[in-house]
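The values are calculated or read from the model by the stated rules, or taken from the named source; none is laboratory data. All values reported here derive from a predicted model rather than from experimental measurement. So basically every Cβ, Gly included, is an ideal-geometry build from the backbone, and we count neighbours across all protein chains shown. The area values use the complete protein model at the heavy-atom level, side chains included, leaving out ligands, DNA and RNA. Shrake-Rupley method; radii C 1.70, N 1.55, O 1.52, S 1.80 Å.
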Amino acid sequence: MKLAIRVWVMAGVIAVSGSTLTAQQAAAPQQHKWALLLHGGAGVIQRATMDPKTEAAYRASIKQAAEAAAKVLDSGGSSVDAVEAAIQILEDDPLFNAGRGAVVTADGKNELDAAIMDGATLKAGAVAGVTRTRHPISLARAVMEKSPHVMLIGAGADAFAAGVGLEQVDPSFFFTERRWQSLVKQLKNEGRPIPPRPAGAPPEPVSEIEPIEPADAHKYGTVGVVALDRQGNVSAGTSTGGTQAKRWGRVGDSPIIGAGTFASNHSCAVSGTGVGEYFIRLTVAREVCALVEYKGMPLQAAADQVIHKELEALKGDGGLIAITPDGQMAWSFNTPGMYRARMREGAKLEIGIYNDEP
Ligand code: ASP
């Protein structure tokens, strides 16, 4: 028997619309190979100033998060599920500037931003200035799936999270001594007032703790994941504490759909990291996907054009990860380093940190 059917083939080339297939072929539709990329922030991350223990800790954590996403995708899960699973792990890891371990605002608080977008439906959810929800990425997802809105902020976002049963924590949950001392150092250097130590924070240690990285390394440090699932759908998610010593109420690019986060099955999925003020004005994530969609550019060329030409022309810095429904994968950054990983079904996980790595 011949069936008229539309099918997507594995390499991602959209094929045959209305062509004929045998019943056997139709019964075993070809699947996409899943793939994913992850970033843990771009910045002044250099071999010369990175100690081996810290580097190993970053690599281990990136591996754990990427493997969590891979597990979801490998069992046929959706790209949205994979993005959320990996980002939750990174949010809980104080090494990264997202969730616990987020950088601190100039007045001594952790204010968290996150977004997620489903390329299959163009649905999106975003939150900004969250202070009580343990996993901002899951809150962004709840906004996408359980509210008629795209973006919620501040106390309203946390109240919504509590209402849909997402774990709430005391704001001091996000506090880490290293981020606090890094804030104090920056404020002192800039001659700005030092805010009081936040309520609920542990007592100040007697001796100064060792900074986890050089002073400037992680002024940025957002986490992001983009994924392609076996159904051929791409998604993107980003989560961050924003930029260190930001003004309270400041919102960066990460939760702005089209700036730090974007996904569409018509083009690509992107998560960015860098100085949000530039990414917002360039609508970086959407710009990459627009170049792919309207100019037919290969993904890597589109990513490089936005980071190395458009972002640099504005004197901005940062990087991004991106993926297309046909399985192209790209990263691009103009900083000395970007914590990053990529993995494709059936292939090895690759992790990179410095700009001299592939
Ligand atoms: N893009 C983030 C922001 O500006 C910071 C980062 O990527 O590290 O909020």
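Only one of the listed residues (Val270, Val275) is without any contact (Cβ under 8 Å) to a residue 60 or more places away in the chain and more than 9 Å from the ligand (Cβ to nearest atom). That residue is Val270. Taking the condition aliphatic (A, V, I, L, M), within 16 Å of the ligand (Cβ to nearest atom) and assigned to a helix (DSSP H, G or I), does Ile137 pass? Criteria met by Ile137. Exactly one residue out of Gly241, Gly272, Gly232, Gly237 is modelled with pLDDT of 95 or more, of a type in the set (Gly, Ala, Ser) and over 19 Å from the mean Cα position of the chain (by Cα): that is Gly232. Residues that are among the small types (Gly, Ala, Ser), open to solvent by 10 Å² or more (accessible area, probe 1.4 Å) and within 16 Å of the ligand (Cβ to nearest atom) within the stretch 81-131 comprise Ala106, Gly129, listed in sequence order.
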